[in-house]
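Below you'll find the structure, written out as structure tokens, and then a few comments.
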Amino acid sequence: MWLCRLCRYEGGHARGHFERTNHTYSMDVEQRCVWDYVGDNYVHRLIQNKADGKIVAIQDQDGILEEKFESLTLEYSYLLTQQLESQREFFEKKLLFVEQEPWSE
């Protein structure tokens, strides 16, 4: 099933809907991928144009988006590693405390 990304139309053929309305993007609901009828290919990232509110595909110029994505991925991995290390230290201290605490019966 295909769903128009502009008006959420989902009945009939998506190509016919594009030809009648000129709504460019349609999403395959099962695979969650978006088809661009004008570019005649799949798009990976969509944004809303601030000037007129239309949905447009992001154009990656000279790999800038890919570079930013890799940078964010690296930063996220670093932050996640720090948090996991902090939690590990916290629970190791708790475990050590419990092991050294004399239990009263």
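The values are calculated or read from the model by the stated rules, or taken from the named source; none is laboratory data. Quick caveat: nothing in here was measured; it's all calculated off a predicted structure. Note that each Cβ is placed from the backbone with ideal geometry, even for glycine, and that neighbours are counted across all protein chains shown. The protein model used for the area step is the full one, side chains on, heavy atoms only, and it has no ligands, DNA or RNA in it. Shrake-Rupley method; radii C 1.70, N 1.55, O 1.52, S 1.80 Å.
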Diffing region 27-42: the Karplus 3J(HN,Hα) column from phi (6.51, -1.76, 1.60, θ = phi - 60°), in whole Hz with x for Gly and Pro, holds 10, 6, 5, 5, 8, 6, 10, 10, 9, 9, 6, 6, x, 6, 6, 7
What 222 nm value per residue comes from the helices of the chain, counting each DSSP H run with n ≥ 4 as -39,500 (n - 2.57) and dividing by all residues, nearest 500 deg cm²/dmol?
-15000 deg cm²/dmol
Once neighbouring chains are kept in place and the probe is 1.4 Å, which whole percent of the accessible area of the chain is contributed by carbon and sulfur?
53 percent
I need the peptides 85-98, 2-15 ranked by packing, meaning the mean over residues of other C-beta atoms within 10 angstrom, with the highest value on top.
2-15, 85-98
Students often get this wrong, so try it: which of (1) 1.41; (2) 1.04; (3) 1.92 is Cα Rg over 2.2 N^0.38 Å as calculated from the structure shown?
(3)
For 77, 26, give the ranking by accessible area with the largest first, probe 1.4 Å.
77, 26
Per-residue ³J(HN,Hα) for region 92-98, Karplus 6.51 cos²θ - 1.76 cosθ + 1.60, θ = phi - 60°, Hz, x for Gly and Pro:
5, 5, 4, 5, 4, 4, 5
A correct Karplus calculation of ³J(HN,Hα) over region 8-18, with 6.51 cos²θ - 1.76 cosθ + 1.60, θ = phi - 60°, whole Hz and x for Gly and Pro, returns 6, 4, 9, x, x, 8, 5, 4, x, 4, 4
Hey, if we sort 52, 28 by accessible area with the 1.4 Å probe, largest down, what's the order?
52, 28
On the full set of protein chains, 1.4 Å probe, figure out the accessible area of residue 1 and give it in Å² to the nearest 10.
120 Å²
Check residue 55: other-chain or 5+ apart residues with amide H under 5 Å from its amide H, H built from backbone geometry?
49
